[in-house]
Each structure stands twice: as structure tokens, then as C-alpha cells.
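I have placed the structure first, in the form of C-alpha cells, so that the comments after it can refer back to it.
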Amino acid sequence: MFPDDFVPILERDATSRNPNEDKVQVAFGLFPQEDPIKSAEANRPIYVDREFVAIHTGDKLSFYFQPATDMERQRFPEAYRRFKDGIKTPLEGQPLDKWAPISRAEVFTLRSMEIRTVEALANLNESMISALGQRFRDLKNLAVMHAAQAMDAAAANKVAAENQALKDQIAALQNQLNGLSGEVAEVKKRKAA
């Protein structure tokens, strides 16, 4: 029920006035969410880690999982402190577990080395690849090609957007010119009359 990286503890709500309130399972962690702006720029999904909270009260239907707010951080300070003490570098890029060529076991192998994105795999140094073996060398090569294609697609999208902006600007200028031509013709018509 809890995501792999979320380690739950039992904790009472610190803001509750009821000292007999039951403890709940609660965990804070980083969970990837797609960044729509960066995804649009790169023309592929780009995820960034956000702080999430998971709360389970024991009832099968009461599992709460959403971005963490200050309210949850205040309610469960011990769980939040434990999370912050063990926090890792936030993810930015395409998560390996959302990349088709890699297996779940390979994702976990790389995650144990703090390699969590396709971009990080593409930049893995030779000594680490040698230690991991041929399959990971193949994955690194695929990651390098994937990153290059993504950069090319992002560059093409940028050029297309700039091209469209120029076309829109030309169309606006053409409309202004047409308007001015009409005004000049009207002035000439008045002078002739």
C-alpha cells in the first residue's frame, strides 16, 4: 500500500486535543510528478520529486496519499523529521521506472546506487558500468540515444514555436498594413472629392 520509498511509522496527530487518539501509520517521501512545463519543452514526460504524505488509519478504505502540506508536517512531526533526516537528492528528469527498456529489478539495482533517471544513467561513468556488466552498458547506450533524441526533439519544438511566433507576428503586421492601406485610400478619396 505504501510506495517503496515511504517508510511508515506509528504516530499520533500532534495537533489533536484528544490524548487517547489512536496512532496511525504515516510516512513522508518523495514521489515523482510530471512537470507539464518541462515536459512540453522537452517533448517528453519530465518528472520532478515532490514531498508526499501517506497516512493509513488501519481501515482498508482509509489510505490518504497526496502532496504534503504544512498541515500534515505539523500533525506528524516525528515522521516528517525522520523523512528529512534520510532525504535523498530530488529527482529531475525521466524516472527509470517510467522508461520502457528497463526491468523493475534493474531499476532497483540502479536506485541502490542513487541512479534514478534516464539522464543519470546516460551520464554513468565507465568504472560503474564495468562493475554492473554488459546489460547495463546496453542500457546506458540506449539512455544516451534517448537523451540525444529528446534534446533534438526539444530543439525542433523550440524552432517550431519560434517559427509559429514569427508567422503570427507577420500576420499581425500584414493586418496593420492592410488597415493603413485602407486609411490611405480613404484619405485620397476625400482629397479627390
Being surrounded by 17 or more Cβ atoms within 10 Å (Cβ to Cβ) and within 24 Å of the chain's Cα centre (by Cα) is the filter; apply it to the stretch 46-62 and report the residue that is nearest to A161 (Cα to Cα).
I46
Within the stretch 21-56, residues out of contact with any Leu (no Cβ under 9 Å at 6 or more places or on another chain) and under 15 Å from V7 (Cα atoms) come out as A27, F28, G29, F31, V53, A54, I55, H56
Residue pairs within 6 Å by beta carbon, gap of at least six or interchain, first lying in the stretch 166-179 and in a helix (DSSP H, G or I), second among the small types (G, A, S), listed first then second, are none
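If you go through the stretch 114-129 one residue at a time, do you hit one that is within 30 Å of E11 (Cβ to Cβ) and either surrounded by 20 or more Cβ atoms within 10 Å (Cβ to Cβ) or among the hydrophobic types (A, V, I, L, M, F, W, C) (or both)?
Among the residues of the stretch 114-129, at least one is within 30 Å of E11 (Cβ to Cβ) and either surrounded by 20 or more Cβ atoms within 10 Å (Cβ to Cβ) or among the hydrophobic types (A, V, I, L, M, F, W, C) (or both), which makes the answer yes.
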Quick check on this structure: which one of N157, N125 is more than 30 Å from S16 (Cβ to Cβ) and without any contact (Cβ under 8 Å) to a residue 40 or more places away in the chain?
N125
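To keep it simple, each residue is scored yes or no on (1) crowded, with 18+ Cβ neighbours inside 10 Å; (2) at pLDDT 85 or above.
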{"site": "Y64", "(1), (2)": "no, yes"}
{"site": "F76", "(1), (2)": "yes, yes"}
{"site": "F83", "(1), (2)": "yes, yes"}
{"site": "T89", "(1), (2)": "no, no"}
{"site": "Q94", "(1), (2)": "yes, yes"}
Please verify whether D152 is charged (D, E, K, R), assigned to a helix (DSSP H, G or I) and within 22 Å of S103 (Cβ to Cβ), treating the condition exactly as stated.
no
When the stretch 1-35 is examined, which residues are found to be free of Cβ contacts under 8 Å to residues at least 40 places away in the same chain and in contact with a Pro (Cβ under 6 Å, 6 or more places away or on another chain)?
Q25, E34
Which condition from (1) outside the structural domain of A120 (by TED's automatic domain parsing); (2) at negative phi is the one that W99 breaks?
(1)
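The values are calculated or read from the model by the stated rules, or taken from the named source; none is laboratory data. From a predicted model like this one, the values you see are computed outputs, not experimental measurements. Note that we place each Cβ from the backbone using ideal geometry, even for glycine, and neighbour counts take in every protein chain shown.
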